[in-house]
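Chemist: To start, I am sharing the structure in question, which I have written as structure tokens.
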Amino acid sequence: MLFRSLAEWVARGRPGTFTAQFRVRKRSGEYIWLEDQITAVDSNDDPAHPRQGMIGVMVDITKRHSAQARYQAIVEAADVSGIGLAIFVSRAQVPVVLHINTAALAICARNATEILDQPIMQFLPEDRWPQIRNVWERFLLGEAVHDSMEIDIIHADGRRVPVAIGFSRIELDEEPAVIAFMADHSERRRTEQALIEARLEAEEISHIKSNILSNFSHELRTPLHSILGFSALLAEEIKEEALREYALSIERSGQRLLATVTAIIEIAQLESGVGEMVLYPMPIAEVLEAEVLAFKPLFEERGLDLQLLLQERDLIVLLEKSRFHKAFEKILDNS
């Protein structure tokens, strides 16, 4: 193959420089890649007998060939998987696009002729230029460039497309370059924005609900205090047992309603950030024993037996005693 190509070049009159790459086997059995560049050299010292000659230079390009094969495989794999890929090299201290695959072209809705050999800055918003210049300067200084960022790319229609980019330094044809992998994050950014808006809306609704509950509960407490006060006075003044029991029943029901309204106010305050819950370490055995002792008469009136069984009497818990009492009261009161 090599000799046939060389013969064809000679037959064409040896134009320019003949360049060929081929693989040879060393004595050790190892294969290496060589690049041969041949130029025509003629001697016209004797016009009657002109002499034709050639001079060639042969270079070992094994490492370069391996790198090319490796990165070509990466490019092909990115194309198959639909991952955006681009390779940048430096031209006059400016990063330009050496290669870009179809997935990356689709992100910015452009064709290869518009992007190849063009500075990447023209496809990025001006407010991100300083950041890109900083990364590129580090790259030119030989620092390790292996990073990732999210950046907007200017779409063909002028809008900004959020793109996640991961990139690293490579050696391509013995020239330093950067290979970058890109993914369109437009959908993710829309989802994040929708979540933020939903959270803000939920917080606003919760705040409005808390204010309504708080105001409504305060409006209920004022007449409730009057009901409780007058029912207590009636219970003291009325001598007839049946009527007195009615007054006491009104007072008990009012107390339960007042406790419910107070709990609603406290919940509304906690949700709106007004109320504050302070927790203290307390022995749970002592707290529960006090609660059981307080509610034991109520259970006896209903013909029920209330007992406390604890396996860990030395257990210390963090709680706010007043709210714990109310929760305990609600549980036992519904028994």
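Chemist: Tally Lys/Arg at +1 and Asp/Glu at -1 over every other residue whose Cβ is under 10 Å from the Cβ of residue 238; what's the total?
Modeler: Net charge around residue 238: -3.
Chemist: Restricting things to alpha carbons, tell me how big region 82-131 is in terms of Rg and Dmax, in Å.
Modeler: Gyration radius and largest Cα-Cα distance of region 82-131: 10.9, 32 Å.
Chemist: Let me ask you something else. What net charge do the residues around residue 22 carry, taking every other residue with its C-beta under 9 Å from that of residue 22, with Lys and Arg at +1 and Asp and Glu at -1?
Modeler: Local net charge: -1.
Chemist: Would you list 278, 57, 135 from the most to the least accessible area, probe 1.4 Å?
Modeler: 57, 278, 135
Chemist: Still on this model: Would you tell me the accessible area of residue 31, worked out with a 1.4 angstrom probe on the heavy atoms of the protein chains, in Å² to the nearest 10?
Modeler: That residue has around 110 Å² of solvent-accessible surface.
Chemist: What is the gain in length, in nm to one decimal, between residue 317 and residue 289 on full extension, counting 0.36 nm per residue of separation less the C-alpha to C-alpha distance?
Modeler: Extra length from residue 317 to residue 289 when fully extended: 8.6 nm.
Chemist: Excluding residues fewer than 8 places away in the same chain, name every one of the lysines whose C-alpha is closer than 28 Å to that of residue 330.
Modeler: Leaving aside lysines fewer than 8 places away in the same chain, those within reach of residue 330 are 209, 296, 321.
Chemist: Mind giving me the nanometre distance, one decimal, between the label points for residue 133 and residue 8, set 7 Å out from Cα along Cα→Cβ?
Modeler: Once both label points are built, they end up 4.9 nm from each other.
Chemist: When Lys and Arg each count +1 and Asp and Glu each count -1, what net charge do the other residues less than 15 Å away from residue 220, Cβ to Cβ, add up to?
Modeler: After counting each charged neighbour, the total is 0.
Chemist: If you don't mind, another one. May I ask you to derive the FRET efficiency for residue 40 and residue 96 from their Cβ-Cβ distance with R0 = 41 Å, giving the value to the nearest 0.05?
Modeler: Working: r = 34 Å, r/R0 = 0.83.
Efficiency, from the Cβ-Cβ distance: 0.75.
The values are calculated or read from the model by the stated rules, or taken from the named source; none is laboratory data. Quantities reported herein were computed from a predicted structural model and do not represent experimental measurements. Cβ coordinates were reconstructed from backbone atoms using ideal geometry, including for glycine residues, and neighbour counts include every protein chain displayed. Side chains are part of the model used for accessible areas, which takes the heavy atoms of the whole protein and leaves out ligands, DNA and RNA. Shrake-Rupley method; radii C 1.70, N 1.55, O 1.52, S 1.80 Å.
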